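The values are calculated or read from the model by the stated rules, or taken from the named source; none is laboratory data. Because the structure is a prediction, the values reported are computed rather than measured. In this analysis, Cβ positions are derived from the backbone assuming ideal geometry, glycine residues included, and neighbour counts consider all displayed protein chains.
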Amino acid sequence: MASITLDGLAHAYRPDPRGPQDYALKEINHVWRQGGAYALLGPSGCGKTTLLNIISGLVVPTRGKILFDDRDVTRLPTEARNIAQVFQFPVVYDTMTVRENLAFPLKNRRMPREAIARRVEEIASRLDLTSVLDRKASNLTADAKQKISLGRGLVREDVAAILFDEPLTVIDPHLKWQLRSSLKELHRALDLTMIYVTHDQTEALTFADTVVVMHDGAVVQTGTPEELFERPAHTFVGHFIGSPGMNVLPAKVEGRTAHVGDVAIALDRGYSALPRGERIELGVRPEFATLAAPGTGLPVKVTRIEDIGRARIARIEISGNPAAAMVPEELSLDGDSAGLTLDPRQIHIYADGVLVPGEAASREGAV
Amino acid sequence: MTLELDHVSLSVRGAPFIKDVSLRLERGSLNVLLGATLAGKTSLMRLMAGLDAPTTGRVRMEGRDVTGVSVKKRSVAMVYQQFINYPSLTVYENIASPLRVAGLRKAEIEERVLSAAKLLKLDPYLQRTPLALSGGQQQRTAIARALVKRADLVLLDEPLANLDYKLREELREELPRIFASTGAVFVYATTEPTEALLLGGHTATLLEGAVTQFGPTAEVYRRPANLPTARVFSDPPLNALRVTKQAHTVLMENGTVLPASGALAQVPNGVYTIGVRAHHLGVEDVATAERTLAGNGLIRLGATIAVTEVTGSESFLHMDMGAERLTALVPGVRRLEPGAPVEVLIDPRRILLFDAEGQAIAPARDAAAA
Amino acid sequence: MDKPVNNRAWLLVAPVFLIVAFSAILPIMTVVNYSVQDTFGNNQFFWNGLGWFQELLDPSTELGGRFLDALWRNLLFSAIILAIEVPLGILVALSMPREGWKVAATLVIMALPLLIPWNVVGTIWQVFARADIGLAGWAINALGIDYNYTGDPLAAWITIVVMDVWHWTSLVALLCYAGLKSIPDAYYQAARIDGASRWAIFTTIQLPKMKRVLLIAVLLRFMDSFMIYTEPFVLTGGGPGNATTFLSIDLVKIALGQFDLGKAAAMSLVYNLIVLALCWVFYTVMTNAGTERRHEENPA
């Protein structure tokens, strides 16, 4: 059990990094609290795997330190750190039974035989593997194999953290739900630090209490799923989280009004001191943009309506800028023109991609 | 071109892989094969392509029997889950390769490659090699190569499975438009119900080598003909409850007795399965339910929270009801503690009802609107 | 899996049938013809029925005893070189570099012995191991060990075994190396996290993943060593005495040395049958291992 501290960590794969462009991982300071459920979310090549490998000890960082509690483990090899890892593709020892697989890490650490047997039974029952304990691991389904990989981490009582590297990649959608739920249940029951690396926002948001979003080697936002959803600190976060992502429209902002092309949008906050010369954009999530009959709200052009089963999503154009909005169940449209209503509290203004806080509503602003 | 599978079966060393499949895929249509891993999607595609010959049954193209005709003589293109390109050739040459094999004139090749590249937004990368591209662009190259042949039949076997979530979303959005611009029969295999819904077209749901239903995608989703179809075409998993109807009451497996309402009021006595999709389940804490929901015709069931998952805009609530696990998708952030007792609310107008054999009972008209 | 039927395929296979007919079937028929006759030269043949076969399979006769001795020598030789080359090959494969320019260099060096023709290998070792002028032979004697492969059966055997190991261990090593390369990194990482020792990594990950290539390596080395001819023929000529007279060498002695075409024909047929039978055993073992594998990777 431990908290994990990343202290000024940075990594470059080339030996003599010059500028920031040489760094696969730019400076990062972060504390993974003991017992937390974290997700590390970002697209391919954003540096999340590098960071994971630094934590697990497969990569020694170019700069900075990594601490388990107060112990500096920066240069310790993998086996000397108390971590377990579940990989993208299931790793099981083919020749062994499930029982032998689960016992393997304990056997290697020379634990007494009865203690091993007890621990293996306990973990197997937690993971619903009891019925297959004596079967060859290689003949099981992908999700059972992933459970075995996880089990090999859980049997060790000294494990401080479990790292998951896109563990649901090869699992069918139906089983993903089950496996994800059992992960959450295990997290609650065992009070372990879990770090889950993925490019899939749904997995990250549903699994983690705190999500760390990475882009281009740097952390762009750390927060709870609600924070990431309601107040994306960067247009990248807005775009990357949410399906479809946040609508980001080029805008001109004057005080409490934004102009997108020739459409004026009222804002909840004032923006009198926006930096000059920077790219100003307005961001609003499709979930807070609702389509209405023509004449209501802002005039928009509907290009297509997608039916995703539980909802309908309209692809629209606001002054020629593509955007997405929700279609209420009862609304039916003839032709391609419609109205759009936005929730003013959920409209954000970005300068060069970074969230501008804005001045609060006038009553509070007077304080 | 139409492609017709007529009672096609495939067995390998006695083990059935495809069981009596009949499908008719129309010219210019997009057809989704939806099913879990090992459901038979790839086997079915290989039969369509002519890579394998069926054990029994016939395959017809444009009415002509092509059973046993080799893949080389059919006009077929395929895209796989792995990004398969020639690593040493440029994107341009990769896309042009099937045309060079076919011995087309230079001007014709150039015209076709450029138009395919434009369609797939590859024009800026034509002189690069595939390995210098992102995964999304590599798969775009493979798709362009499949399209440029102007094959009658284009098979895509989970083409987006190896892509990042966001890239997947982007391509998924473009594919229907790309497909619509050609006249071929497209067949698209996927494990993901959401993907099938987004692609539209027609969907065939597959379970253990058999097609459980085939029809327009939205219709298969809204009016599944049987319980297996509803289960395959549901993400999160379908909530299925077995009930027994007796006179004017409905007996749940956990012992709860409810008055029969909605579709259940109109069916004869017997055993049924109620299917409810996650977003049709309501969840309230017990007090709120008592206060506000008395007598509004909803089915109410007691359950306890097992796990909650919050996505920021929605919450997935996993609940235990006896031995059953129910999943609800509710709007907003709802952090309910595990172990908390809740009331699960089911609108009888929004249920899917199946008889003891799993066949759908024609739904009440209201349910279709949801 | 069923393949589309196309009768034109037969046309394409026809040339192969013709070549096989002339290169294999006709010569074998000639051998069968010889095996039931006896000759005293002058191209005159006499009917002998199954006489040679009876003699061959009866160890109390001169021919039968000789055949059995040579067969045992062959089996012993195959067993010894498998026992050495397989573990040694694995060991070499394990210690080969995984990446960088060293990989190419190692591969080239490893491939060298495989590129040398059999008779040249024999000649190299014949000179190399000579007690008077050969570097190895002279050096061993200089150490005070009495070593002479032309006079001492044990020394002859050791020389042939060492020669074969030098010639063929690379093959086993290269096959194993290919097997090792196919193991994803995640397995090694997982093993490190599980605290596995070097030996445990070998037995639980590397060996199981190498199983299939090892089977191929064992098959190739067994078949090849069982039919060994050129190298010992060049090196020892089957001697000293009959110490290194393997079946193939004996066969040539009878056929060309004594011109006993009938005996030799009968012997080569039996030899051929033994090789075929062993081939079949290996083939069955291998395809069985193969189908198990295919069920795991269910194609549906």
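Every residue, every condition in (1) under 28 Å from B:L3 (Cβ atoms); (2) modelled with pLDDT under 90; (3) in contact with a strand residue (DSSP E or B) (Cβ under 9 Å, 6 or more places away or on another chain); (4) surrounded by 15 or more Cβ atoms within 10 Å (Cβ to Cβ), yes or no:
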residue: B:M78; (1), (2), (3), (4): yes, no, yes, yes
residue: B:Q81; (1), (2), (3), (4): yes, yes, yes, yes
residue: B:V91; (1), (2), (3), (4): no, no, no, yes
residue: B:Q127; (1), (2), (3), (4): no, no, no, no
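When A:G242 is tested against the conditions (1) within 24 Å of the chain's Cα centre (by Cα); (2) in a strand (DSSP E or B); (3) crowded, with 19+ Cβ neighbours inside 10 Å; (4) not acidic (D, E), the lone failure is (2). C:L76 - would you say it is within 19 Å of C:F246 (Cβ to Cβ) and either modelled with pLDDT of 90 or more or in contact with a Cys (Cβ under 7 Å, 6 or more places away or on another chain) (or both)? So C:L76 fits the description; yes.
Cβ-Cβ contacts under 6 Å between residues 6 or more apart (or on different chains), taken from a first residue in segment A:15-31 that is in the same structural domain as A:T193 (by TED's automatic domain parsing) to a second residue that is β-branched (V, I, T), are listed as A:A24/A:T50; A:L25/A:T50; A:I28/A:V219; A:V31/A:T5. In the set A:A273, A:A314, A:A323, only one residue is out of contact with any Cys (no Cβ under 7 Å at 6 or more places or on another chain) and either under 22 Å from B:S315 (Cβ atoms) or assigned to a loop (DSSP other than H, G, I, E, B) (or both); that residue is A:A273. Looking across B:A218, B:A240, B:A265, one residue alone is part of a strand (DSSP E or B), among the hydrophobic types (A, V, I, L, M, F, W, C) and surrounded by fewer than 21 Cβ atoms within 10 Å (Cβ to Cβ). It is B:A240.
Name the residue that is nearest to the other protein chains (Cβ to nearest Cβ), counting only residues in segment B:143-158 that are within 21 Å of B:E93 (Cβ to Cβ) and either part of a helix (DSSP H, G or I) or touching a Phe, Trp or Tyr at 6+ places or on another chain (Cβ under 9 Å) (or both). Restricting to residues being within 21 Å of B:E93 (Cβ to Cβ) and either part of a helix (DSSP H, G or I) or touching a Phe, Trp or Tyr at 6+ places or on another chain (Cβ under 9 Å) (or both), the top hit is B:I143. Here is the figure for segment A:33-91: residues that are within 13 Å of chain C (Cβ to nearest Cβ), crowded, with 19+ Cβ neighbours inside 10 Å and of a type in the set (G, A, S) total 3. Give the number of residues within segment A:53-100 that are acidic (D, E), in a loop (DSSP other than H, G, I, E, B) and over 16 Å from C:A196 (Cα atoms). Residues meeting the conditions: 2.
Rundown of residues vs (1) touching a helix residue (DSSP H, G or I) at 6+ places or on another chain (Cβ under 7 Å); (2) part of a helix (DSSP H, G or I), yes/no style:
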| site | (1), (2) |
| --- | --- |
| B:R128 | yes, no |
| B:T141 | yes, yes |
| B:L160 | yes, no |
| B:L163 | yes, no |
| B:E173 | no, yes |
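Could you please let me know if B:A142 is at pLDDT below 90 and over 15 Å from the mean Cα position of the chain (by Cα)? So B:A142 fails the test.
Can C:P184 be described as touching an Asp or Glu at 6+ places or on another chain (Cβ under 6 Å), surrounded by fewer than 18 Cβ atoms within 10 Å (Cβ to Cβ) and farther than 25 Å from C:P240 by Cα? For C:P184, the condition - touching an Asp or Glu at 6+ places or on another chain (Cβ under 6 Å), surrounded by fewer than 18 Cβ atoms within 10 Å (Cβ to Cβ) and farther than 25 Å from C:P240 by Cα - is not met. Within segment C:234-281, which residues are buried (at least 17 other Cβ atoms within 10 Å of the Cβ) and under 15 Å from the mean Cα position of the chain (by Cα)? Scanning segment C:234-281 gives C:F246, C:L247, C:S248, C:I249, C:Y271. Restricting attention to segment B:313-324, the residues being modelled with pLDDT of 90 or more and surrounded by fewer than 19 Cβ atoms within 10 Å (Cβ to Cβ) number 1.
Within segment A:178-192, residues that are facing another protein chain (nearest Cβ under 7 Å) and surrounded by 15 or more Cβ atoms within 10 Å (Cβ to Cβ) have Cβ atoms under 8 Å from residues that are outside any helix (DSSP H, G or I) and among the small types (G, A, S) in these pairs: A:S181/B:A306; A:K184/A:A37; A:E185/B:A306, counting only partners at least 6 apart in sequence or on another chain. Among what's in segment A:199-245 and is free of Cβ contacts under 8 Å to residues at least 60 places away in the same chain and more than 9 Å from chain B (Cβ to nearest Cβ), pick the residue that is nearest to B:L160 (Cα to Cα). Going through the qualifying residues, I end up with A:V237. Given the criteria more than 14 Å from chain A (Cβ to nearest Cβ) and under 12 Å from B:V344 (Cα atoms), does B:V283 qualify? Considered against the rule, which asks whether it is more than 14 Å from chain A (Cβ to nearest Cβ) and under 12 Å from B:V344 (Cα atoms), B:V283 comes out as yes. Total residues in segment A:311-351 satisfying the condition of being in contact with a strand residue (DSSP E or B) (Cβ under 7 Å, 6 or more places away or on another chain) and over 30 Å from A:P275 (Cα atoms): the figure is 14.
So, in segment C:157-197, of the ones that are of a type in the set (S, T, Y) and touching a residue at least 24 places away in the same chain (Cβ under 8 Å), which residue ends up nearest to the other protein chains (Cβ to nearest Cβ)? Checking each candidate, the answer is C:S182.
Quick check, is B:A96 assigned to a helix (DSSP H, G or I), among the hydrophobic types (A, V, I, L, M, F, W, C) and either in contact with a Leu (Cβ under 9 Å, 6 or more places away or on another chain) or modelled with pLDDT under 90 (or both)? Against the criterion (assigned to a helix (DSSP H, G or I), among the hydrophobic types (A, V, I, L, M, F, W, C) and either in contact with a Leu (Cβ under 9 Å, 6 or more places away or on another chain) or modelled with pLDDT under 90 (or both)), B:A96 qualifies. As a summary of the residue check, A:A251 satisfies the conditions (1) at pLDDT 90 or above; (2) within 14 Å of another protein chain (Cβ to nearest Cβ) except for the one numbered (2).
Taken over segment A:309-327, the criterion of being within 11 Å of chain B (Cβ to nearest Cβ), closer than 15 Å to B:E170 by Cα and not charged (D, E, K, R) is satisfied by A:I313, A:P322, A:A324.
Residues in segment C:94-108 that are in a loop (DSSP other than H, G, I, E, B) and surrounded by fewer than 12 Cβ atoms within 10 Å (Cβ to Cβ): 3 in all. With respect to (1) under 28 Å from the mean Cα position of the chain (by Cα); (2) at pLDDT 90 or above; (3) more than 14 Å from chain A (Cβ to nearest Cβ); (4) surrounded by fewer than 20 Cβ atoms within 10 Å (Cβ to Cβ), the lone exception for B:M45 is condition (4).
Within segment C:198-213, being surrounded by fewer than 18 Cβ atoms within 10 Å (Cβ to Cβ) and facing chain A (nearest Cβ under 7 Å) holds for C:A200, C:P208. Quick one: is A:I148 modelled with pLDDT of 90 or more, farther than 21 Å from C:I205 by Cα, buried (at least 18 other Cβ atoms within 10 Å of the Cβ) and assigned by TED's automatic domain parsing to the domain that holds A:Y196? Here the answer is no, as A:I148 does not meet what is asked.
Residue-wise test of (1) surrounded by fewer than 17 Cβ atoms within 10 Å (Cβ to Cβ); (2) of a type in the set (F, W, Y); (3) in contact (Cβ under 8 Å) with a residue 60 or more places away in the chain.
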{"residue": "B:Q213", "(1), (2), (3)": "no, no, no"}
{"residue": "B:A230", "(1), (2), (3)": "no, no, yes"}
{"residue": "B:K245", "(1), (2), (3)": "no, no, no"}
{"residue": "B:M252", "(1), (2), (3)": "no, no, no"}
{"residue": "B:V257", "(1), (2), (3)": "yes, no, no"}
